[in-house]
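Below: the structure, in structure tokens.
The values are calculated or read from the model by the stated rules, or taken from the named source; none is laboratory data. Being a predicted model, the structure only gives us computed values, none of them experimental. Positions of Cβ are generated from backbone atoms using ideal geometry, with glycine treated the same way; all protein chains shown enter the neighbour counts.
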Amino acid sequence: MTTTKSRNLPLAKRGINFEMIMWIFTRLSALAMYALILFAIIGALIMGARTQMNMADVLRWGFMPNLSHVQNTNVPDIAPWSTPFWRAVGSLLLLVATAHGVHGLVVICDDYIVTPRGRQIVRFISIVFMIAMIVIGLYVVWTL
Amino acid sequence: MANVHEFDVVVVGAGGSGLMAGLYASRGAKTAVISKLYPTRSHTGAAQGGISAAFGNTEEDHPEWHTYDSVKGSDYLGDQDAIEFMCNEAIDAVLELEHMGLPFDRTPEGRILQRNFGGHTNNVTGKPVRRACHAADRTGHMILQTLYQQCLKNKVNFFDEYQVLDFLVVNGKAAGVVAVELATGELHTFHAKAVIFATGGHGRVFEVTSNAYAYTGDGAAILLRRGLPLEDMEFFQFHPTGIYKLGILITEGVRGEGGVLVNGKGERFMPKYAPNVKDLASRDVVSRAIYTEIREGRGVNGQNYVYLDSRPESIIKYAAEDGRTNSDGSPYTITAEELLKKLPDIVDFNRVYLGIDPMTQMMPIQPTAHYTMGGIPTNKFGEVVIDDKNTVFPGLYAAGECACVSVHGANRLGTNSLLDLIVFGKHAGLRAAEYARQADFQKLPDDPTAEARAQFDGLRSGSGKENVFDISREMKKVMFEDVGIYRNEKGMKSAIEKIAEWKERFKHVRITDTGRVFNTELLNAWELGNMLEISDVIAECALNRKESRGGHSREDFQKRDDVNWLKHTLAWKKNGKIEIGYKPVVITKYQPKERVY
Amino acid sequence: MVLKRNVSLASALRYKGQGPMLTYILHRIGGVGMAVFVTVHILASFVGGKAGIFANSIYESWLFQIFIFFCVLFHAINGLRITISDLWPKLIQHQREAIWVEWAVFLPIYGIAVYIIIRAALGG
Amino acid sequence: MQVTLKVFRYNPDVDKKWHYETYNLDVEETERILDLLELVKGHYDGSLSFRRSCAHGVCGSDAMRINGRNMLACKTLVRDVGDKITVEPLLGLKVMKDLIVDMEPFFDNYKKVLPYFINDSPLPADGKERLQSPEERARFDDTTKCILCAACTTSCPSFWGSDDYLGPAALVTAHRFIFDSRDEAASERLKIISETSGVARCHTVYNCTMACPRDIQITKAIGELKMATLTGKVD
Ligand SMILES: Cc1cc2nc3c(=O)[nH]c(=O)nc-3n(C[C@H](O)[C@H](O)[C@H](O)COP(=O)(O)OP(=O)(O)OC[C@H]3O[C@@H](n4cnc5c(N)ncnc54)[C@H](O)[C@@H]3O)c2cc1C
Ligand code: HEM
Ligand code: SF4
Ligand code: F3S
Ligand code: FES
């Protein structure tokens, strides 16, 4: 029989690059967003959203567990909704979504902009943009 | 001078033989491979069934058996020294392909898997032997891809989509070729010490054919025009199983896996014609059998076709009748799934072109023009020879289907062509490089492209009252009917007259496309010129040979005549006329005897 | 001498890809739509004032809600399909079915959502 | 049956701009689109140019857009597409004349993935074949079928975006070698295909798989490559 040699290429040999890290990050962050959103919605339901919020508001909270998303609802006491815990969950979602979204935009640009210089510029702008959005986003989340 | 390129060796054609030659030549000399198609479009890619080598991986087999089968298959017209050489080289040649990465199908032990093919037998028992190494039913495709890839790896220079129009001779030696770059319409001169022709066959002169549009016999026609002879042009192989009307090939591998031929009455008829190997007799025998059935009114629905039955239950039934066994002695069986795995493309062709499923329905088939046995005469090193004394033309080589070594004689065995490409392609390449190392460049003529230009100008300036396609269609029809599977004096004489007429009419065609870029109309017309040239040679040689042998079957001379005709034909074109001469057949071990399958 | 690469947006969109090409286009639109929306949304809550109110008025309009909900829902469902088949390439064989399932999940949810949004818009 | 054949025409020697030409033909429904083009060339306009060779779908010369989708003209019958037929050149490559496009960028991409068998280890001691089990052989069977017709690559929106994307055909070739148990350069190829212009540009649009005349499961092959670049598992 054939000597079936192991066909598992060590990382050292095949290397790995930014592209593929970001590729898997996009998928994993997608799953993470699903998890976080579900977590936020379940949390909301436990905190009484079933009777106090309509579906749209629950979803809004789900997509971003942020105070502004409960302000206009019938929730009597907004204190439990604005704990550091929820702010942290919100921050996490913000980080993941911004990274996912901004990289998504970079991917789209890469499809059309092919010169190394063009791609460099896109990456530079996107990093600046991403940092700005994260800073501003965090500011909003924690100060509201 | 503009557009002059200088190479030690120039290979014309990038099919299996051209690439093999290019690969070997480039190891020893500065080499260019010129092809009118992208290399991977060459017709070698269409070959399905397999390449033979007497490995004996699953059962006993020997190169001597392979040699004998090929000699017998050739109807004793093959040169036995060359055949023996090829069959002995076969094993190493196939191994070399494997080492180049060709993905052959495998046995459970991990070795190259082989299947049955027509005419390949165990010389002791007379039963079929598994000798065809294959990669599903796309062996040629894998050979072509693998060789092209190896050429890329070895940085061979390619000139893709350059069509060679003329061969330059200076001082009786090869000096290069002239080619037109299809994308720009410009003429290029390739100045070379050695030139290898590997341009494939000319099956497109027949109406129903398995051959590609590109199979117009360019290489042979170019050399004929330059005064070189062609050998054994009357021998053309009609493959028994082409898809009805379309001619698309259904590989012999189908019968190798157990498929059988059935006539309009639902009877299996091959046992009548070849009691021992039945459906796996050699191709000329099977094609004639099918034709006989059709002529005697046993075609399907009175039409010109019979059925190829590859339904698993039929295969099992007939295999039991034949007492066919697996290599371990158990009765031979097969399932639809296994068949699909072994013959995926065949199943696909049937689905696409006929809308039928060969697992549950029978395929309508008819013999189809398939393979050029004759061609540019060479010796077993690929050197072109120009007379009955085998005088070598310095610097000129040929390999593959366009060449006639002759290892196929009057009838080629299935799988021997791919082998021919690999073995003789390699030797042509080696020889050419060796020659180039010691030879000098010949000085180019002052206007090397003159002849090619004149041919084009002629086509551009005709009166335009004739149409290329009409002539071409008539030619194909007449060639298929009158110079096809069965031939007789009357038919061939009338064909020859018609060819003369078409040649006259051909002078009056005009090319409407005046452009330079991809002027395919001009090139198609030029190719028709070649085909007319070749048809003429085929018909003249066939009329001349008054016997039946292998692929050449005459109704008026039905027997093989070894006393008068055990010799090769050579045909020259001199002053517009075809002159015929002869060359002895090399016979070493096997004396001619009657062929029974 | 030769024409330029011949892909205008129009000819690209005229290419008859099937289900998956459509989902790809919609996924892109969804992704970019969301990215723009999130950016504007965050900026609006940050800046506040007149600009913030103006931005708010846009994305609280029912038309915009129909659009952005489409973006979110489609991108999320399609993204899940992509993620699953990417992580287990073997499943790609069931591509056709996966797309059917995707639409079967998406359409009812989106339909109900649109209905609610429009009803709210008409009611309010 | 009566069909109308609308053909994209552009002859750089005379035309400034491309246009469409319509032909009314009387043909059998079992004829190939290639037969129709030959008919037009033979009897209506000899200057119509297109590539073709084998006429039965194995050489890859005549990939073109037929009714808006990439197919081989020789593998598409009239009955498959109906009586209104539009034939256009492939997208994403330069049109040189009529249906003929510049294939160079396509082959250049093919050449980037080391499209040849690499194994520098000594041959087996018996001088025979390198052993490979039927299962190992089956592992990459699908991707050995490629005829480099470019139908896939030119149906891919990422390639339309820019031809620096390697494209499905090159990736199929990479797959053929990476998953061949006898080949030893899988690591190098994985490096190449994980560059910016490699597998990350594939957004699983599937146009390639649906265009492939050889029925290669291209998207699946690319999917396997993507995971292989990450995990290094090539079994
Ligand atoms: C359908 C089919 C199935 C077959 N199956 C088998 C099989 O199973 N086993 C077997 O052994 N044999 C088989 N054969 C036969 C075998 O495939 C061919 O004989 C063989 O491939 C010919 O190879 P070649 O290298 O001579 O020519 P090709 O591969 O046809 O190459 C010819 C080359 O020449 C070039 N060329 C031609 N004219 C010019 C010109 N004027 N200028 C520049 N370039 C030019 C072409 O571009 C091409 O690259 C089959 C043949 C067919 C048609
Ligand atoms: C549950 C939520 C989400 C899931 C499951 C998801 C999933 C995905 C996946 C799998 C991709 C990769 C597509 C590809 O490469 O072909 C992707 C791309 C992208 N995503 Fe998301 N995503 C989600 C949320 C978001 C959010 C919130 C944003 C915006 C901020 C966003 C913006 C983008 C963009 C711009 C792309 C690139 C689009 C493209 O390449 O076509 N996504 N998403
Ligand atoms: S993968 Fe299919 S579509 Fe792509 S080039 Fe190969 S054969 Fe053509
Ligand atoms: S069409 Fe293109 S995006 Fe991927 S699945 Fe095929 S390569
Ligand atoms: S002509 Fe060969 S693939 Fe169509």
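From D:L166, D:L171, which residue is under 29 Å from D:G68 (Cβ atoms), buried (at least 24 other Cβ atoms within 10 Å of the Cβ) and more than 8 Å from ligand 4 (Cβ to nearest atom)?
Just a single option satisfies the conditions, and that option is D:L166.
Here is a yes/no grid of residues against (1) part of a loop (DSSP other than H, G, I, E, B); (2) of a type in the set (V, I, T); (3) more than 23 Å from A:L138 (Cβ to Cβ):
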position	(1), (2), (3)
A:E19	no, no, yes
A:A32	no, no, no
A:A40	no, no, no
A:A56	no, no, yes
A:L59	no, no, no
A:P65	yes, no, no
Item checked: Residue, farthest from ligand 3 (Cβ to nearest atom), within region D:18-57, restricted to residues that are crowded, with 19+ Cβ neighbours inside 10 Å and of a type in the set (S, T, N, Q) -> D:S47
Note to self: Any residue in region B:23-40 that is within 13 Å of B:A192 (Cα to Cα) sitting within a Cβ distance under 7 Å of a residue that is within 16 Å of ligand 5 (Cβ to nearest atom)? List the pairs, counting only those 6 or more apart or interchain.
What the structure shows: B:V33/B:A14
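For every residue, the table says whether it meets (1) buried (at least 24 other Cβ atoms within 10 Å of the Cβ); (2) in contact (Cβ under 8 Å) with a residue 24 or more places away in the chain; (3) not in a strand (DSSP E or B).
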| position | (1), (2), (3) |
| --- | --- |
| B:D137 | yes, yes, yes |
| B:H141 | yes, yes, yes |
| B:T146 | no, yes, yes |
| B:L168 | no, yes, no |
| B:A214 | yes, yes, yes |
| B:L224 | no, yes, yes |
Check: Hey, does region D:203-215 have a residue that's more than 16 Å from ligand 1 (Cβ to nearest atom), at pLDDT below 95 and aromatic (F, W, Y)?
Finding: yes
Notebook entry, point to check: Just a yes or no: is a residue in region C:81-89 buried (at least 16 other Cβ atoms within 10 Å of the Cβ) and touching an Asp or Glu at 6+ places or on another chain (Cβ under 9 Å)?
Noted result: yes
Check: For region D:126-145, does any single residue satisfy the condition of being at positive phi and within 13 Å of chain B (Cβ to nearest Cβ)?
Finding: yes
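Consider B:K173 carefully, then state whether it is at pLDDT below 95, away from ligand 1 (no atom under 13 Å from the Cβ) and surrounded by fewer than 22 Cβ atoms within 10 Å (Cβ to Cβ).
Answer is no for this residue.
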Notebook entry, point to check: Inside region D:225-235, can you point out the residues that are within 7 Å of another protein chain (Cβ to nearest Cβ) and either within 19 Å of C:H94 (Cα to Cα) or under 23 Å from the mean Cα position of the chain (by Cα) (or both)?
Noted result: D:K226, D:M227
Note to self: I'd like to know if region C:107-119 contains one or more residues that are more than 17 Å from the chain's Cα centre (by Cα), hydrophobic (A, V, I, L, M, F, W, C) and within 16 Å of ligand 4 (Cβ to nearest atom).
What the structure shows: no
Check: Quick one: is C:I92 modelled with pLDDT of 90 or more, closer than 25 Å to C:P20 by Cα, facing another protein chain (nearest Cβ under 9 Å) and surrounded by 15 or more Cβ atoms within 10 Å (Cβ to Cβ)?
Finding: no
Item checked: Hey, D:I222 away from chain C (no Cβ under 12 Å) and in contact (Cβ under 8 Å) with a residue 12 or more places away in the chain or not -> no
Next item on the list: Could you please let me know if B:N122 is farther than 26 Å from B:P377 by Cα, among the polar types (S, T, N, Q) and either away from chain D (no Cβ under 14 Å) or out of contact with any Ser or Thr (no Cβ under 7 Å at 6 or more places or on another chain) (or both)?
Entry: yes
Item checked: Options C:I92, C:I117: the member that is more than 16 Å from ligand 1 (Cβ to nearest atom) and touching a Ser or Thr at 6+ places or on another chain (Cβ under 6 Å) -> C:I92
Note to self: So for region D:178-192 (the condition being at pLDDT 90 or above, in the same structural domain as D:I147 (by TED's automatic domain parsing), within 16 Å of ligand 4 (Cβ to nearest atom) and buried (at least 24 other Cβ atoms within 10 Å of the Cβ)), does at least one residue qualify?
What the structure shows: no
Checklist line | Those residues of region D:197-216 which are facing chain C (nearest Cβ under 7 Å) and either more than 16 Å from ligand 2 (Cβ to nearest atom) or without any contact (Cβ under 8 Å) to a residue 24 or more places away in the chain (or both), in sequence order | finding: D:T204, D:Y206, D:M210
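How about region B:182-208: which of its residues are in a strand (DSSP E or B) and under 26 Å from the mean Cα position of the chain (by Cα)? Working first, answer last.
Going residue by residue through region B:182-208, those that are in a strand (DSSP E or B) are B:186-197.
Hits for region B:182-208 are B:A194, B:V195, B:I196, B:F197.
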Next item on the list: Within region B:1-31, track down each residue that is in contact with a helix residue (DSSP H, G or I) (Cβ under 8 Å, 6 or more places away or on another chain) and part of a strand (DSSP E or B).
Entry: B:D8, B:V9, B:V11, B:V12, B:T31
Margin query: Considering only residues that are in contact with a strand residue (DSSP E or B) (Cβ under 7 Å, 6 or more places away or on another chain) and more than 14 Å from B:Q163 (Cα to Cα), which ones fall in region B:192-206?
Written below: B:A192, B:K193, B:A194, B:V195, B:I196, B:G201, B:H202, B:G203, B:F206
Check: Which condition does B:T335 not pass, out of (1) under 30 Å from D:R214 (Cβ atoms); (2) loosely packed, with under 14 Cβ neighbours inside 10 Å; (3) touching a Ser or Thr at 6+ places or on another chain (Cβ under 8 Å), if it passes all the others?
Finding: (3)
Checklist line | The one condition in (1) at the interface with another protein chain (Cβ under 8 Å from one of its Cβ atoms); (2) buried (at least 20 other Cβ atoms within 10 Å of the Cβ) that B:H99 fails to fulfil | finding: (2)
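Conditions tested, residue by residue: (1) over 15 Å from the mean Cα position of the chain (by Cα); (2) surrounded by 15 or more Cβ atoms within 10 Å (Cβ to Cβ); (3) facing another protein chain (nearest Cβ under 8 Å).
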{"site": "A:S91", "(1), (2), (3)": "no, yes, no"}
{"site": "A:A97", "(1), (2), (3)": "no, yes, yes"}
{"site": "A:G104", "(1), (2), (3)": "no, yes, yes"}
{"site": "A:Q120", "(1), (2), (3)": "yes, no, no"}
{"site": "A:V128", "(1), (2), (3)": "yes, no, no"}
{"site": "A:M133", "(1), (2), (3)": "no, yes, yes"}
Next item on the list: Please name all residue pairs, on different chains or six or more residues apart, with Cβ atoms under 6 Å, provided the first residue is in region B:46-60 and is within 13 Å of another protein chain (Cβ to nearest Cβ) and under 30 Å from D:C74 (Cα atoms) and the second residue is more than 7 Å from ligand 1 (Cβ to nearest atom) and among the acidic types (D, E).
Entry: B:Q48/B:D137
